[in-house]
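I have placed the structure first, in the form of structure tokens, so that the comments after it can refer back to it.
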């Protein structure tokens with residue numbers, strides 16, 4: 001596989017994507033909502049409502065958690081402990097939801113879009129191998145999700161530390177569990193979803209069908225990864241390492257076989273099953 | 001580079017099926033290296049599928065295709081073929097959000113060509129002034145010029161042009177035909193699909209008449225004329241056209257067609273001097289006596305008619 005050709009395919013797709021306001025604005029809103037708006041509003045509110053009945057209820061809920069988890073929740077007052085719990089545990093799955101949603105939205109259109117626009121004809125007649133086309137498209141689908149996550153995660157970290165950190169004696173976020181999550185667990189889950197979505201995108205007849213199909217694929221992956229991500233934050237570090245490794249194995253198997261879905265006749269739109 | 005002894009493109013009993021539809025059916029044709037081959041036929045004749053089989057974008061269900069001595073259905077050889085072919089599809093498509101230059105730059109990277117060559121190609125087709133604009137705002141003519149530029153940035157050995165002048169203004173059409181002649185002059189092999197007969201006039205070394213996915217006839221236009229229109233045709237005109245009625249009764253005239261002037265089909269061109277003498281003796285003041293080379297259009301319809309009669 002030739003690296004320059006792969007990067008050329010990915011770069012062309014990314015340039016096109018970043019020039020498409022129809023795509024960028026909704027995706028930016030989604031990332032902004034999860035990474036900025038929710039923590040930016042919710043965490044200060046928690047700090048400001050220390051004596052409310054709601055805070056007492058949340059404190060009761062935290063009190064029902066296993067002692068090991070309670071020990072991990074930092075803070076001296078119920079409000080600080082609640083804010084810490086929100087920041088570190090309850091909002092954790094957004095780290096998966098946002099990149100998964102963005103990458104799948106991009107990936108769903110990538111192959112079928114070539115066919116619908118007619119640009120697939122150029123790729124079909126080009127010396128690119130199907131593996132190079134597939135890998136370029138995969139990178140182009142991964143980058144927006146990860147870019148949103150990297151920027152969003154940085155902003156989220158700032159908000160969390162600025163709003164809750166003062167009461168906890170300084171910067172406390174990201175915690176070790178979050179680093180494992182972001183760097184080791186989230187990537188293979190996105191890869192798993194994209195491996196399936198790119199296959200679908202190569203096979204379905206229209207972009208609309210690709211979007212619908214990708215939703216069906218992404219939803220269970222989001223639910224599963226949401227649960228796993230939440231659970232891992234409460235668990236010892238080796239759990240994240242094991243889960244991440246297993247997810248990587250599944251992702252690699254799916255990605256290696258995924259290139260077979262790309263066929264020149266599908267890019268031309270003349271395959272019997274396209 | 002090209003080996004002139006090896007046909008650039010060779011189809012042997014090639015069949016391509018799309019479900020129950022035979023898009024190409026036992027197609028035979030050879031495009032010699034450095035020649036201009038025109039695939040002529042109505043819509044649905046199988047011309048586009050033939051182009052796609054040539055680059056290996058599609059694989060034949062039966063028969064063999066050889067391009068530059070290589071097999072396009074083989075992954076590695078197909079890649080080599082595609083790197084040496086330039087294709088202009090019937091409806092050139094681009095990434096509309098990207099500029100003309102960004103599209104050319106992309107193609108240059110894919111074909112491992114120099115960016116300077118991409119710039120030169122744009123200048124050559126007169127699209128360099130619009131390279132900073134997004135392609136979404138291009139007219140049909142501009143898109144075709146960009147497609148032409150994109151097809152030659154890697155200096156291909158084989159150029160496949162599928163209806164390249166569709167929707168073009170006369171100036172752009174002329175640019176396409178000039179390109180074909182220039183590249184052919186440099187030893188490149190050109191295959192052009194068209195249903196516009198006048199486009200093939202004058203540039204075709206070989207015409208392949210396609211219909212229903214197969215080649216009905218193939219050869220140089222002169223060979224086809226000899227095969228399908230063996231009887232010479234001569235156009236007569238005179239100041240007083242009534243005298244030309246005498247032609248009807250002359251020996252050797254096999255048919256006569258009046259359209260202002262008179263078009264006469266003869267059994268032998270050697271009869272012409274005697275015919276002229278007869279008319280002049282009868283007092284005709286002739287203004288035109290011209291043996292006619294049949295146009296591709298006449299050939300095309302004659303071949304179609306011959307095929308229908310045979311089947």
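Bear in mind that the values in this text are calculations on the coordinates, not laboratory data. Fair warning: this is a prediction, and the values are worked out from it, not measured in the lab. Here the Cβ is made from the backbone with ideal geometry for all residues, glycine too, and neighbour counts use every protein chain on show.
Points worth noting:
- Inter-centroid distance (Cα atoms) of the range A:143-218 relative to the range A:63-91, Å: 23 Å
- Average projection area in nm² (convex hull over Cα atoms of the range A:183-274, one quarter of hull surface): 6.2 nm²
- Between the alpha-carbon centres of the range B:49-107 and the range B:138-180 there is a gap of 16 Å.
- Residue of A:144, A:44, A:99 that the Gaussian network model of chain A assigns the largest fluctuation, springs spanning Cα pairs under 10 Å: A:44
- From least to most packed, judged by other beta carbons within 10 angstrom and beginning with the fewest, A:22, B:61, A:60 follow the order A:22, A:60, B:61.
- Virtual spin-label span in nm between residue B:30 and residue B:259, 7 Å along Cα→Cβ: 3.6 nm
- Fluctuation leader among A:48, A:237, A:150 - chain A, Gaussian network, Cα springs under 10 angstrom: A:48
- Relative contact order for chain B, counting Cα pairs under 8 Å that sit 6 or more residues apart, in percent: 19 percent
- Put simply, the Cα atoms of the protein assembly as shown extend 128, 43, 39 Å along their principal axes, the longest span coming first.
- When A:171, A:248 are sorted by how many other C-beta atoms sit within 10 angstrom of their C-beta, beginning with the fewest, the order is A:171, A:248.
- A simple spin-label model places pseudo-atoms 7 Å from Cα toward Cβ; at residue B:277 and residue A:147 they are separated by 8.7 nm.
- Shielding of peptide A:257-268 by partners, expressed as the average count of other chain Cβ atoms within 10 Å per residue Cβ, is 2.
- Between the C-alpha center of the range B:116-132 and that of the range B:201-275 there is a gap of 45 Å.
- The Cα-based radius of gyration of chain B, divided by its Kirkwood radius, gives an Rg/Rh of 1.08.
- Cα point-scatterer Debye curve for the range A:115-189, base-10 log of I(q)/I(0) at q = 0.25 Å⁻¹: -1.13
- Cα→Cβ-extended label distance, 7 Å offset, between residue B:75 and residue B:97, nm: 3.1 nm
- Structure remark: mean-square fluctuation, Gaussian network model of chain B, C-alpha springs under 10 Å; the largest value among B:280, B:38, B:191 belongs to B:280.
- Residues B:62, B:249, B:157 in ascending order of nearby Cβ atoms (within 10 Å, fewest first): B:249, B:62, B:157.
- Full extension of the chain between residue B:182 and residue B:292 yields a length gain of 36.8 nm, computed as 0.36 nm times the residue separation minus the alpha carbon distance.
- Overall Cα dimensions of the range B:230-293 - principal axes, largest extent first, Å: 30, 22, 17
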